[in-house]
1. Give the stretch 37-93 a look and list any residue that's touching a strand residue (DSSP E or B) at 6+ places or on another chain (Cβ under 7 Å), part of a loop (DSSP other than H, G, I, E, B) and over 18 Å from Met450 (Cα atoms), or say none.
2. Condition first: surrounded by fewer than 18 Cβ atoms within 10 Å (Cβ to Cβ) and among the basic types (Lys, Arg). Now tell me which residues in the stretch 645-688 satisfy that.
3. Considering every residue within the stretch 119-130, establish whether at least one is of a type in the set (Val, Ile, Thr) and either in contact with a His (Cβ under 9 Å, 6 or more places away or on another chain) or farther than 22 Å from Trp245 by Cβ (or both).
4. Under 6 Å between Cβ atoms, at least 6 apart or on separate chains: pull out the pairs that start in the stretch 636-656 with a residue that is closer than 20 Å to Ala537 by Cα and end on any residue that is assigned to a loop (DSSP other than H, G, I, E, B) and of a type in the set (Phe, Trp, Tyr).
5. Say whether the condition of being of a type in the set (A, V, I, L, M), within 30 Å of Gly432 (Cβ to Cβ), buried (at least 20 other Cβ atoms within 10 Å of the Cβ) and at pLDDT below 95 is met by at least one residue in the stretch 357-367.
6. Can you confirm whether the stretch 277-286 contains a residue that is more than 30 Å from Leu483 (Cβ to Cβ), among the small types (Gly, Ala, Ser) and in contact with a Lys or Arg (Cβ under 9 Å, 6 or more places away or on another chain)?
7. Could you give me the residue pairs with C-beta distances under 6 Å whose first residue belongs to the stretch 322-346 and is of a type in the set (Ser, Thr, Tyr), whose second residue is crowded, with 20+ Cβ neighbours inside 10 Å wherever it lies, and which are 6+ apart or on separate chains?
8. Here is a list: Ala213, Ala195, Ala204. Which entry is within 29 Å of Trp482 (Cα to Cα) and either in contact with a Lys or Arg (Cβ under 8 Å, 6 or more places away or on another chain) or surrounded by fewer than 22 Cβ atoms within 10 Å (Cβ to Cβ) (or both)?
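The values are calculated or read from the model by the stated rules, or taken from the named source; none is laboratory data. If you're wondering where the values come from, they're calculated on a predicted model, not measured in any experiment. Methodologically, a virtual Cβ is constructed for each residue, glycine included, from the backbone with ideal geometry; neighbour enumeration extends over all protein chains shown.
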Amino acid sequence: MTKKKPSIILPIILAFVSAALIFFCAAGVHADELPENVMFAVTHNAGGEPIGPYYDFEAEGGTRYLFLPGGLGDELKIQCSGDITHISEGSLDTGAGTITGSMGAFIATLSDGRDVPVVIMRSKIPSLEISLSDSLDDIHSDKDKISTGAAAVLIDPSDPGNNFVSAGDCEFKGRGNSSWEVYDKKGYQLRLGEARMVLGMDRAKTWVLLANASDPTLLRNKLVYDITRQMDLAFAPEGEFVDLWVNGDYRGVYLLTEKVQIGQSRLDLTSGHGIIAEFDNAFYNNEIFFQDYFGNYFALKDSADPEGLNDFLIFQEAIDTLDYLLDHKREWREIEKRIDAESFARMYLVNEYFANCESAVTSFFWYQDGEDDVLHAGPAWDYDTCMRDGVEDPAEYYVYKNTFYNRFLQYTEFQQLITEIYANECRPLFEGATSDMYALRDRISSSIDMNYIRWDVLGGTDAKGHDSFPSYELNFNDQRTWLRERAENFSPEGVVGEVVPYAFSLSMSEDGRYVDFYLSSTKRAIAQAEASVWSEAGGAGTSVRIRAEREDSETGLSRWHARYDLGTSRYLGTFKVQMLVGGQPCQPSVEGSFFVSSLPEDTGSYTFEGIDFSPVFDPVYYAMRYPIVRKQVGYDKERLFAHFISTGIRAGYQGNEAFNVLWYREQNEDLAAIYKDSYLSYYEHYLIKGMAEGRPGHP
């Protein structure tokens, strides 16, 4: 076969080599010293220049996949470990342990007669390769851990002018809230050593890598961001698709996007005292935050002044004033003096049209450019869980239930404003989303299969309870159908007609033990209120009713507060809450949900055959570490422990961070000679004798 020249110029390749291999070696792994669990790694391209290495991925069934960036040329040199005696394509050098050729796939035969299928797949979109001095496992163990001295290499096969190497001066860390906790494909943040344009986007240092793990189409964030950039907003993030490799491991299709932050190339606030805050009733407790009168939380996300706490207090005073005006039903002309009403109308329309229900609870940004400025809504953010995963029925509405929007929509002036902006600005943009999806899908078509071979998640229910079809095309068509029907059914007038007489919010206590529910009347007084709470894992039979306490306001209307103690629950996962008035569900229904990834002070009994396993078993750890177990038994602590005893221990699973049975066996040769592969015996020894003898259970 005729060799093709690489489409990337040699200096870029060589620069990439110096960055990637130096930092790969810094991590203690060399291309000719492959880890035992790696059988193949691409190490050279057609011209003979070193590249990568790019390690193989073993899919279910044993097929090995080598995922490669574009522009490397057809002929490759593959470093291999294991005793390979024959290959179906290419040339095998058993002495050097290399395979060369222009294969798209081949079968490697081992000395024991086993055949190993190897498939080579190539990206056609930009590739971003990160080389860490740490392992990726270190990053995954702590979202706040920052890996310094990292190298970043961007290669764009369609436009070499976008290529760059940032060697040894980058920082890399995890990002995300619930998505970080529950998905194996995680989001990251990359900070370059110097500000630069990336894939045509404005010059900046800090960039976000969105995993889109909640979105089976991988398109939602990009679709909505592109639309908001055509609207009259002060700033809307731009993003471009990339394939991501970290330390030679292919991580899938990501959206490399601008971060929501203050700056000339981002949200350009000029007073020197601007702040960005997040309306966040879910994850505020790890931030600097305050709670307003309506029970909502605002967390500080960025400030122009490094000592921006005073500016955040000024923002809090502005929120307090707005709460007062809304609670006292003051005239609209007083309220619009305090807010950029058009920005709130535009952000409302974006979130309601695309059914971004999370914006009623979290990921809803506000900003203020100093003491003399009004409150603004935006920038837009976080659309991986929306559209059909937000509101399944394309004729329904939800975001109007947000505490502030529910009150804004009581005013005919705001109703008229959203109607006008939708008709004059938003409608053609929103209705074009159906056709926009085709162009975005085509852009990543070369990488869709790569992503879903690497992450075999389609055709089931994910950790957040979202269902997906078994193929990408089915998910794409389903989402496109939803958008088409949304365009046919959506109208601002319909939203106005849905306005309910209640405002509802929920929040987690700072110590993570309690969930607080707040129900406010917007039209009339409430005589009595309750909260009905149940776990999806346990079903309706786990429902409990909690009596709410009344908090009067100066208007004579009322706000009611109920508190749920997570210490009384044995379940993890998603919980539902429904508010009741006078013993009956609110009409229209007032509902919410929250996700529990850990429980306070677990007091469950983990005893088996008279032995207390609680020192080596944590149901939260066990459920999060083994997604296959989570899929089988859910989040019920008792069922998780039963699985641990019946199956997990015998498979060598780890029940918590304190004890690793495989390591314990390796470190205690005297026990290994007796117990051999009886993992239960090692567990029992550690619990009965090992701890008392001072034998460590984990490195």
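1. Val38, Met39, Asn45, Glu75, Gly82, Asp83, Ser88, Glu89, Gly90
2. If the condition is that a residue be surrounded by fewer than 18 Cβ atoms within 10 Å (Cβ to Cβ) and among the basic types (Lys, Arg), then Arg650, Lys676 are the ones that fit.
3. No: zero hits.
4. Qualifying pairs under 6 Å: Phe641/Tyr606; Phe644/Phe617.
5. Yes, that holds for at least one residue.
6. There is at least one residue in the stretch 277-286 that is more than 30 Å from Leu483 (Cβ to Cβ), among the small types (Gly, Ala, Ser) and in contact with a Lys or Arg (Cβ under 9 Å, 6 or more places away or on another chain).
7. Short answer, once both residue conditions are applied: Ser343/His376; Ser343/Ala377; Ser343/Gly378.
8. Ala213
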